[in-house]
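Following: one structure in structure tokens, then a few remarks.
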Amino acid sequence: MQIDIISVVPGLLESPFAHSIMKRANDKGLLQVNVINLRDHTTYSRAQVDDYPFGGGAGMVMMIEPLVNAIESLQAKTTYDEIIFLTPDGKTFDQKMANQLSLQQNLLLICGHYKGIDQRVRDHFITKEISIGDYVLSGGELAAAVLTDAIGRLLPGVLNDETSALSDSFQDNLLAPPVYSRPETFRGWKVPEVLLSGNHKLIDNWRHDQSVLRTQERRPDLLQED
Ligand code: 6GU
């Protein structure tokens, strides 16, 4: 899978993909992330990419020309399944969207800044608008990193244990159960007996019960869904 990201702050996107699971996905050739600096595509002086809004008001707007130049130069090399604008007024990202997007070949993500991007880019190029939650970030980069991580870890072969993405919280509308590791007793705090029993049927049932309990307590809304 290839994920291209257009940004005015490409430095923000260096570290998130340079470590751990995202690095492994890249090293194995399963996920290629390319960060494109929007300023490389402007024809304006001093690499200008934003301008005052028509009609007045506070804040700057990301101009249409650099964005269209960047998008079209990328489209000359790659056919995108989706061109996604990261914006707080987009559809809220969830595991279902991550699952669906992980089935695509090529994604183009566009990070907004300032007061947003010229509406004509949204009208004529963007195929999906996504937010990562009801709060405002100073730019779309961290949201693009969140999307890329959530999608990338679902690609076959990225996780060591192929089944481990399936037991994540949310994957079946249930939160994950508690987990324990050595030692069996620490300061008198014991690991639940059932986990030491070696009886896998019993352990699976316990984990499922714990998942349901946790979900009822913390996220009852998930049990109502669909
Ligand atoms: Cl995608 N962008 C910005 N700037 N803020 C956000 C967001 C995106 N999602 C939640 N807040």
Seminar exercise, completed: Residues in the stretch 146-173 that are within 16 Å of the ligand (Cβ to nearest atom), more than 17 Å from Pro88 (Cα to Cα) and open to solvent by 40 Å² or more (accessible area, probe 1.4 Å) total 1
Problem set entry | Filtered residues of the stretch 174-208 (kept if surrounded by 12 or more Cβ atoms within 10 Å (Cβ to Cβ) and either in the same structural domain as Gln95 (by TED's automatic domain parsing) or in a helix (DSSP H, G or I) (or both)) | Val194, Leu195, Leu196, Leu202, Ile203, Asn205, Trp206, Arg207, His208
Seminar exercise, completed: All-but-one check, Asp50 against (1) out of contact with any strand residue (DSSP E or B) (no Cβ under 9 Å at 6 or more places or on another chain); (2) within 15 Å of Asp118 (Cα to Cα); (3) buried (at least 17 other Cβ atoms within 10 Å of the Cβ), failing number (1)
Seminar exercise, completed: Residue hits (the stretch 2-44; closer than 19 Å to Ile83 by Cα, open to solvent by less than 20 Å² (accessible area, probe 1.4 Å) and touching a residue at least 60 places away in the same chain (Cβ under 8 Å)) are Ile3, Asp4, Ile5, Ile6, Ser7, Val8, Leu13, Leu31
Seminar exercise, completed: The residue that is most open to solvent (accessible area, probe 1.4 Å), considering only those in the stretch 121-145 that are in contact (Cβ under 8 Å) with a residue 12 or more places away in the chain and more than 12 Å from the ligand (Cβ to nearest atom), is Thr127
Problem set entry | Hits in the stretch 119-155 (condition: in contact with a Pro (Cβ under 9 Å, 6 or more places away or on another chain) and among the β-branched types (Val, Ile, Thr)) | Ile132, Val136, Val146, Thr148
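The values are calculated or read from the model by the stated rules, or taken from the named source; none is laboratory data. Just so it is clear, the structure is predicted and the values come from calculations on it, not from any experiment. Cβ sites come from the backbone with ideal geometry, for glycine too, and all protein chains shown count toward neighbours. Accessible surface is based on the protein model in full, side chains and every heavy atom, while ligands, DNA and RNA are left aside. Shrake-Rupley method; radii C 1.70, N 1.55, O 1.52, S 1.80 Å.
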